[in-house]
Amino acid sequence: MIVRNAVGALLAAGSALLLAVPAQAQPAPLAPVAAVDIGRYTGTWLQLAAVPQPFSLDCARDTRATYSLVDARNVRVQNSCETWSGSRNEIVGNARVNDPVTNAQLHVSFPGVRSQDSPDGPTNYVVTYLAEDYSWALVGDPARFSGFVLSRVPAVTAEQWRQIRAVVESRGYNSCLLLTTPTSGGRDDIRPLCTL
C-alpha cells in the first residue's frame with residue numbers, strides 16, 4: 001500500500017510538472033520509427049519501465065503485453081500484470097494501425113474503457129524506438145503523457161539501462177518520470193530511470 005501511494009504521488013507530481021510547462025516549451029509530437037514489421041513485433045513484451053498511468057497503479061510487477069495479428073490493420077492486445085495483492089489483472093483490446101506507411105502509429109482501444117472503447121480513433125501508441133533485432137522498444141503517445149520501455153527479456157545489463165535512458169531522453173522524455181517495473185528475473189525495485 002505504501003509503494004502504491006508513493007507511485008500515485010509520483011504520478012500526480014509528474015502530471016503537475018507536465019501541466020506547468022508552457023505550451024511553447026512542449027517538444028514536437030513523438031516521432032515514429034521509419035518502419036515496423038508487425039509480424040516481428042507481435043508476441044510478448046515485458047514492461048521494464050514506464051511513465052505511471054492511472055490504470056496501472058494496481059500493478060505491482062510482471063507487467064506484460066502480448067500482441068497477436070488479427071489482420072493487416074489490427075492487432076489483438078492482451079495486457080496483464082501481478083497486483084499488489086498477488087492476483088493477476090488482465091485486459092484485452094485492439095490496436096489499429098493508423099499509419100500504414102510505417103505501421104508505427106496505432107490507436108489502442110479497450111472495450112468498456114471510457115474514451116478508449118472505439119477501435120477507430122486518433123493515434124495513442126507510437127513506436128518511437130525499436131531495436132534492430134526487435135529485442136526492445138520505446139512506445140508512447142504523441143504528447144508523451146505515456147511512455148513504456150518494452151523488452152523481450154526481463155533483465156538487461158547496466159550498459160543496456162544506460163542505452164535505454166539515452167534513447168528515452170533523445171525522444172524528448174524526462175527520464176526521471178519513467179519508473180522501473182519489477183519483473184521476475186529482472187529488477188525487483190521501483191526507481192526513476194534517471195537514477196540508473
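Of the strands (runs of 3 or more DSSP E) lying entirely inside region 36-130, those containing at least 3 residues that are loosely packed, with under 14 Cβ neighbours inside 10 Å are 88-97.
Taking residues in region 58-82 that are among the acidic types (D, E), and partners anywhere that are surrounded by fewer than 18 Cβ atoms within 10 Å (Cβ to Cβ) and assigned to a strand (DSSP E or B), the pairs with Cβ atoms closer than 7 Å and at least 6 places apart or on different chains are D58/T83; D58/N89; E82/R88. Of all the numbered requirements in (1) assigned to a loop (DSSP other than H, G, I, E, B); (2) farther than 20 Å from G39 by Cα, V153 misses one, and that requirement is (2). The single condition among (1) assigned to a strand (DSSP E or B); (2) open to solvent by less than 50 Å² (accessible area, probe 1.4 Å); (3) within 15 Å of A65 (Cα to Cα) that T183 does not meet is (1). When region 131-140 is examined, which residues are found to be touching a residue at least 12 places away in the same chain (Cβ under 8 Å) and either open to solvent by less than 20 Å² (accessible area, probe 1.4 Å) or assigned to a strand (DSSP E or B) (or both)? Within region 131-140, W136, A137, L138, V139, G140 qualify. Scanning region 41-57 for residues that are touching a helix residue (DSSP H, G or I) at 6+ places or on another chain (Cβ under 9 Å) and either polar (S, T, N, Q) or free of Cβ contacts under 8 Å to residues at least 12 places away in the same chain (or both) turns up Q47, Q53, S56.
For region 149-167, which positions are without any contact (Cβ under 8 Å) to a residue 40 or more places away in the chain and either open to solvent by 80 Å² or more (accessible area, probe 1.4 Å) or not small (G, A, S) (or both)?
Going residue by residue through region 149-167, those that are without any contact (Cβ under 8 Å) to a residue 40 or more places away in the chain are 155, 157-163, 165-167.
Matches in region 149-167: T157, E159, Q160, W161, R162, Q163, R165, V167.
The values are calculated or read from the model by the stated rules, or taken from the named source; none is laboratory data. The structure presented is a predicted model; accordingly, all values stated were derived computationally and were not measured. We place every Cβ from the backbone using ideal geometry, glycine too, and count neighbours over all the protein chains shown. Heads up: the accessible areas ignore ligands, DNA and RNA and are worked out on the full protein's heavy atoms, side chains in. Shrake-Rupley method; radii C 1.70, N 1.55, O 1.52, S 1.80 Å.
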